[in-house]
Structures are given as structure tokens and as C-alpha cells.
């Protein structure tokens with residue numbers, strides 16, 4: 001029997017070919033930056049093939065989440081006023097492809113398959129980094145492993161730890177996944193400690209606390225959940241009120257325990273320098289990715305000051321400063337709107353329809369948001385952070401919309417006949433908000 005269009009099944013792996021392309025795209029992005037340029041080429045190949053074969057599915061996904069493309073399209077438009085138009089054009093086209101890929105991957109794979117792929121990729125990179133452990137222990141140097149950077153090694157360990165906990169916690173996972181996760185979890189903590197990356201350690205603490213709180217909320221009896229939410233909101237407001245005190249305590253902890261200077265290893269100097277650049281072009285900035293380039297006198301001076309001999313791979317270590325320098329206040333406003341959309345969508349989606357699959361996305365994104373003030377690693381071309389960030393909204397908020405639409409349909413089905421045809425009767429949900437067909441869990 002001939003398979004229907006778009007449902008071709010690979011004879012060996014027994015998975016949908018559309019899902020296989022999405023899975024390969026995601027895996028390539030997750031290991032990008034550690035295996036040379038090969039993962040980027042694999043992603044571009046899968047992305048191009050998906051666009052050609054499943055153009056209708058791609059357009060349908062983009063219609064649902066078109067507003068996420070506002071920021072990368074503004075970055076693309078900045079080519080016309082950028083200090084270095086060719087660099088901006090290349091960077092922003094890659095960024096736009098990453099955003100589009102994040103949407104179609106999230107709409108194609110199930111949440112469980114997405115988390116499993118993240119776990120497999122992070123465990124794979126962690127295992128490849130283990131041969132470097134003896135040398136790091138002997139020399140007492142920070143562990144870099146296959147990542148070639150202690151911070152990247154720490155963040156990779158954070159991903160492995162967070163996904164391992166969620167794999168163990170999720171009851172429907174197979175025993176093989178759980179056994180591997182139980183092995184990987186302590187290894188990830190060990191490599192995190194060896195990496196000596198303070199930012200990654202903070203990420204790990206935030207993600208672990210979020211997992212614990214989310215698990216408590218899921219298992220809590222329904223009648224106690226409003227009280228739990230009220231208490232959580234009260235504690236958040238209390239924390240915001242005491243933010244100056246917390247900032248002072250955190251500064252003391254950094255200087256005393258983490259042995260970081262008061263300037264956060266030069267970050268405050270970078271922020272002041274970035275502020276002066278923003279004042280030069282306050283509204284639309286200097287163009288995305290136009291500042292950190294060889295030949296720019298200001299960038300060359302900063303590289304020399306911070307002893308960046310490679311003259312590449314540096315940033316302002318603040319997501320908002322980075323956005324304001326590249327795209328001005330207009331780009332910064334769009335970025336903040338996108339960040340708030342994902343945050344509220346993820347939180348409300350989890351509260352309305354709490355599932356175990358959402359715990360990973362909520363805990364991981366919470367850590368990313370905490371680090372926005374000292375890191376720029378959230379939005380970038382071919383960046384796994386960007387993929388997971390957008391997937392957080394798609395999986396959490398979309399299921400909440402489906403739940404509300406299903407409730408409206410059930411209410412309409414059980415209502416009197418006269419109400420079904422009343423002009424103010426609730427309408428049947430459109431296909432745009434209808435639940436997608438079940439996906440194959442990898």
C-alpha cells in the first residue's frame with residue numbers, strides 16, 4: 001500500500017521521514033561548535049531538504065508563530081545601515097534560518113522526543129570530554145574537554161545534568177534511558193566541578209530548584225495548587241523587593257567564594273563601553289554582528305585589553321547590551337517583548353496544563369533568563385540555546401491553548417441545542433489550534 005504524502009516511513013528506523021529530518025537538524029545544532037563545521041552543514045542540508053519536501057507544513061508552523069520572526073527580520077533589515085553590511089547579512093540570514101528551524105522542529109517532534117535528543121547529544125559530548133579529565137586533575141587546570149572552553153564545558157555539563165534528571169523523573173521513558181541517565185547525572189556534576197565555570201554552576205542550581213518546585217506542583221493535590229501559586233508569587237515579590245540586598249550578598253559571594261573581582265572579570269568595563277556605543281546610534285544601532293569583527297578599531301582594542309589572541313569569539317557578556325549595540329532601542333524592545341512572551345507563555349502553560357515533559361523546558365529556560373545579565377548566550381545563529389528557548393514556548397503555551405480549546409468544545413457539545421446556534425455561542429476551535437497528530441517518540 002502506497003504511503004500518503006508527507007508520511008513516508010523509513011523501512012529501517014520505522015520513523016516518519018519528516019520527523020527524521022527534524023531530529024537530525026536538532027542533533028546537529030546541539031553538537032554544533034564542537035565537531036568543526038560538519039554539524040552546521042548537516043543542519044543546512046536537513047533544513048533545505050525539509051523546506052523543499054514539506055513546504056506546506058513549514059508555512060503552517062510559521063503562521064502559528066510568525067511573531068517570533070520580528071526580531072531576526074529587524075536584524076536582517078539592519079544590513080542597510082550596518083557598519084559592515086556583508087557580515088551583518090551573513091549573520092542574520094543564519095539567525096533567521098535558526099528561528100525558522102526552531103519553530104518547525106518544535107512543531108514536528110514530540111516534547112518527549114525533543115528532550116531525549118537533548119539528553120543523547122549532551123551525554124555524547126560529555127563522554128567525548130572524559131579523556132581530558134586526567135590531565136585536568138593532574139595540572140589542576142579547568143576542564144575544557146571537547147568544548148575547548150571551560151565555560152562551554154560547564155554549560156554542557158549543565159545541559160546533561162538537567163536532561164538526565166528529567167529523563168529519570170519522566171515515568172514513561174524506557175529503562176535503558178533511565179539507566180544511562182543515572183550514570184550520566186553524577187558524571188555531569190563531576191565535569192561541572194572540574195570546569196570551574198561559576199556561571200554554569202549557578203545555572204545548575206537554578207535548574208535543579210525549578211525541577212524540584214515543578215515536581216512538587218505536579219504531585220500536589222489540586223485543591224492546594226492555588227495556595228501554592230499564591231505562596232510562590234509572594235516569595236517572588238519578596239525577592240524582587242530585596243533585590244538590592246541579594247545583589248550585595250551575591251557580590252560578596254563572588255569575591256569571597258568564587259574569587260571574582262568586583263568588575264566581574266571585566267564585565268562592567270564592557271558594559272560601560274557598550275553604553276557609549278549605544279549613545280552613538282541609540283535607535284537602530286550599528287547593525288547586527290557588525291561590532292565584533294577584525295578591522296574594527298574598538299573591537300581590536302577590547303580584544304587586546306582582555307588578551308583575546310584569536311580576535312574572535314567575544315561579546316559584551318550581557319544580552320541586552322549586545323542587542324542595544326547591534327539594533328538600538330528598537331531591537332532591544334523587540335527582544336524584551338519576545339523574552340516576556342516566552343516567559344509568560346511557559347509559566348501559564350505549565351500552570352494550566354502541568355506535564356512532566358514541560359519540566360525540562362521550564363527549568364532550562366529559567367537558568368538562561370537568570371544568566372541574561374552576565375552572558376549573551378541565548379540568541380545566536382545555529383545556537384542550541386535559541387532552539388530550546390523557542391521550543392519552550394511552543395510546547396508549553398501551545399498545549400495550554402489546545403487545552404482551553406478542548407474545554408470550549410466540550411462545553412459546546414454538552415450545551416442546549418439553542419446555545420449551539422446562538423450568535424454568541426462559543427465557536428469550534430480552528431484547525432490552527434487543533435492538537436497535532438501524535439509524533440513518534442525517538
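What residues of the stretch 59-87 lie in the reach of a label at residue 330, counting those whose backbone N is under 14 Å from a point 7 Å from the Cα along Cα→Cβ?
Residues passing the 14 Å test: 70-82.
So how long is each side of the stretch 39-198 along the principal axes, counting just the alpha-carbon atoms, biggest first, in Å?
Sorted from largest, the Cα extents of the stretch 39-198 read 52, 44, 25 Å.
Based only on the alpha carbon positions, what is the Kirkwood hydrodynamic radius of the stretch 111-196, in angstrom? Each step should come with its number before you reach the end.
Numbers: mean 1/r = 0.0779 Å⁻¹.
Averaging 1/r across every pair of different Cα atoms and inverting gives 12.8 Å.
So, in nm, how far is label residue 344 from label residue 175 when the simple model puts each one 7 Å beyond its Cα toward the Cβ?
According to this spin-label approximation, the distance is 4.7 nm.
Using a simple spin-label model with points 7 Å from Cα along the Cα→Cβ vector, what separation in nm is obtained for residue 298 and residue 67?
3.2 nm
Efficiency by 1/(1 + (r/R0)^6): what FRET value for residue 38 and residue 124, r their Cβ-Cβ distance, R0 = 22 Å, to the nearest 0.05?
Working: r = 14 Å, r/R0 = 0.63.
Given R0 = 22 Å and the Cβ-Cβ separation, E is 0.95.
When only C-alpha pairs under 8 Å and at least 6 residues apart count, what is the relative contact order of the stretch 111-196, in percent?
On the way: 101 pairs, mean separation 29.0, N = 86.
For the stretch 111-196, the relative contact order is 34 percent.
Given a Förster distance of 25 angstrom, what is the FRET efficiency for residue 133 paired with residue 269, based on the Cβ-Cβ distance and rounded to 0.05? Don't skip to the end; give the middle numbers.
On the way: r = 34 Å, r/R0 = 1.36.
With R0 = 25 Å, the Cβ-Cβ based efficiency is 0.15.
Just so you know, all these numbers are worked out from the coordinates, no wet-lab data involved. Because the structure is predicted, anything quoted here is derived from the model rather than measured. Cβ coordinates were reconstructed from backbone atoms using ideal geometry, including for glycine residues, and neighbour counts include every protein chain displayed.
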